[in-house]
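S.K.: Here it is, the structure, as structure tokens.
The values are calculated or read from the model by the stated rules, or taken from the named source; none is laboratory data. Everything numeric here is computed off the predicted structure, so don't read it as measured data. All Cβ positions, glycine included, derive from the backbone under ideal geometry; neighbour counts span all protein chains shown.
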Amino acid sequence: MSFSSPPNPQAYYEQVWAIARLIPRGKVTAYGQIAKMIPPPNGVELEAYAAFGPRWVGGAMANCPDDVPWQRVINSQGKISERPGAERQRPLLEAEGVVFDAKGKVDLKKFGWSGKNEDDVPKQAALF
């Protein structure tokens, strides 16, 4: 089965945008990483979702509201995907402290965001 867009694009896009809003300044994540944070929509098998989810995330980012930090979503190779507006992405990321190597790649080990903010991790209770 082939899916050019999610069964309910607006609902899916809202989930993508909510996740993208959590990406901290100076961090990036991949389209596929965001797709993995969202369960497959009803009627979409896991295998199909694994193939189409990253593209759907890309579609959501291409249509995001102004308050979504779209520049923080890059491809899984650590590069900026070729598309209209891509030339604005690198300067925005560099202004946040993200560093690109000579091949135009971001070190995902250093600048990647896995979906957890340090503030989301419960602090260990003090032992008294």
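S.K.: With the condition kept exactly as written, say whether any residue in the range 70-92 is touching a strand residue (DSSP E or B) at 6+ places or on another chain (Cβ under 7 Å) and under 16 Å from P9 (Cα atoms).
M.R.: no
S.K.: Please find, among L22, L46, the residue that is among the hydrophobic types (A, V, I, L, M, F, W, C), farther than 16 Å from L108 by Cα and touching a Pro at 6+ places or on another chain (Cβ under 8 Å).
M.R.: L46
S.K.: Any idea which of (1) in contact (Cβ under 8 Å) with a residue 60 or more places away in the chain; (2) touching a helix residue (DSSP H, G or I) at 6+ places or on another chain (Cβ under 6 Å); (3) hydrophobic (A, V, I, L, M, F, W, C); (4) in a loop (DSSP other than H, G, I, E, B) is the one C64 doesn't satisfy?
M.R.: Just one mismatch for C64, condition (1).
S.K.: On the basis of being of a type in the set (K, R), under 28 Å from F100 (Cα atoms) and surrounded by fewer than 13 Cβ atoms within 10 Å (Cβ to Cβ), does R21 make the cut?
M.R.: no
S.K.: Would you mind finding the one in G43, G85, G104, G97 that is surrounded by fewer than 19 Cβ atoms within 10 Å (Cβ to Cβ), touching a residue at least 60 places away in the same chain (Cβ under 8 Å), out of contact with any helix residue (DSSP H, G or I) (no Cβ under 7 Å at 6 or more places or on another chain) and at positive phi?
M.R.: That would be G97, the only listed residue that is surrounded by fewer than 19 Cβ atoms within 10 Å (Cβ to Cβ), touching a residue at least 60 places away in the same chain (Cβ under 8 Å), out of contact with any helix residue (DSSP H, G or I) (no Cβ under 7 Å at 6 or more places or on another chain) and at positive phi.
S.K.: Give just the number: which of (1) part of a helix (DSSP H, G or I); (2) in contact with a helix residue (DSSP H, G or I) (Cβ under 8 Å, 6 or more places away or on another chain); (3) aliphatic (A, V, I, L, M) does A48 not satisfy?
M.R.: Condition not satisfied by A48: (2).
S.K.: Still on this structure: Between a first residue in the range 1-29 that is among the basic types (K, R) and a second residue that is surrounded by fewer than 13 Cβ atoms within 10 Å (Cβ to Cβ) and modelled with pLDDT of 95 or more, which pairs have beta carbons less than 9 Å apart while being 6 or more apart in sequence or on different chains?
M.R.: Partner pairs satisfying both residue conditions: R21/D67; R25/G97.
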